[in-house]
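S.K.: I have a structure I would like to understand better, so I am pasting it below and will then ask my questions one at a time.
Every number here is computed from the coordinates shown, using simple stated rules; none is lab data. Remember, predicted model here, so these are calculated numbers, not experimental data. Ideal geometry is used to build each Cβ from the backbone, glycine not excepted, and the neighbour counts take in all protein chains shown.
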Amino acid sequence: MKKITTETIRRKKKNNEIITMLTAYDYPTAEILDEAGIDMLLVGDSLGMVVLGYDNTTEVTMEDMLHHVKAVTRGSKRSLIVADLPFLSYHIGINETVKNAGRLIQEGKANAVKLEGGKEVVPQVKAIVNAGIPVMGHIGLTPQSINQLGGYYVQGKSEEDAKKLIEDAKALEQAGAFSIVLECVPTELAKLITNELSIPTIGIGAGCDCDGQVLVTHDVLGLYSRMVPKFVKQYANIRESIVDATKEYITEVKEKSFPSNEHVFHLQEEVIGKIYGGGEK
Ligand code: KIV
């Protein structure tokens, strides 16, 4: 089993092979998705919402990220692991940015980092890449800027906004990013950007003309119901399975049909005899 590298991902675009990516935040999920053959696992800061119950991704800290990145890298053997740089971890200064990216690689054992933004984050992207760390860009809907965007809306709909996104994508490519996430942009614009770049685009709510697709695993498996974006396709309803299994467990525990004989341990008759007869020596 060969480990996927950023080179593999770049090559896939050249060979017209579609790239697959899902989020993972823990050991068992990473192990399962890896076994299923996913190319890349994203330890997204979406973990703040779907795992930690925060209102949005701005609450996620470096320590939150590291905790989950470590679990995911322990679970995955083959997939390329990309870890999100959380809100404010790459805005304070270049040294701080490189240090935080480095922690995700050195302590978390991730293979690459992802950060949100276009032209304005070019100095950070260059500095991280110069430190030998692969960077994935992320433009369009950038959830860490929720307070500025005012909501989770489609981006790049006007001529001006679309042109800005094209320029942002080119600037990230020039800065050394190995791929770019396009989130929540019109499908025609995503196609245009994809054709303009030599590095792969990974779409989420950006149509099927991107070089690859990413979704939040908790959305795909029906584990998170607080907010389900239009672009999500739910492939399973694990929540329903968990509710059903839990109800069955409650019933069986109450009626004492669990634990049954196959789930218990027994004392040998001889030992029982000795315990009861122990005082009669
Ligand atoms: O945090 C995340 O899960 C992401 C994806 C939505 C691309 O950034």
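S.K.: Lys12 versus (1) under 25 Å from Glu196 (Cα atoms); (2) within 13 Å of the ligand (Cβ to nearest atom); (3) touching a Pro at 6+ places or on another chain (Cβ under 8 Å): which is the lone unmet condition?
M.R.: That leaves (2) as the condition not met.
S.K.: Looking at (1) more than 16 Å from the ligand (Cβ to nearest atom); (2) within 30 Å of Pro123 (Cα to Cα); (3) polar (S, T, N, Q), which is the one condition that is false for Gln213?
M.R.: So Gln213 meets the others, but not (1).
S.K.: Continuing with this model, one more query. Just to verify a result, which residue in region 30-81, among those that are over 22 Å from His138 (Cα atoms) and of a type in the set (Asp, Glu), is surrounded by the most Cβ atoms within 10 Å (Cβ to Cβ)?
M.R.: Asp34
S.K.: Of all residues in region 201-210, how many are in a loop (DSSP other than H, G, I, E, B) and within 14 Å of the ligand (Cβ to nearest atom)?
M.R.: Total satisfying the criteria: 3.
S.K.: Counting only residues that are closer than 26 Å to Val129 by Cα and within 24 Å of the chain's Cα centre (by Cα), which one in region 148-169 is surrounded by the most Cβ atoms within 10 Å (Cβ to Cβ)?
M.R.: Among those that are closer than 26 Å to Val129 by Cα and within 24 Å of the chain's Cα centre (by Cα), it is Ala169.
S.K.: Listed residues Val253, Val243, Val185; which is of a type outside the set (Ser, Thr, Tyr), within 16 Å of the ligand (Cβ to nearest atom) and either buried (at least 16 other Cβ atoms within 10 Å of the Cβ) or part of a helix (DSSP H, G or I) (or both)?
M.R.: Only one candidate passes the filter, namely Val185.
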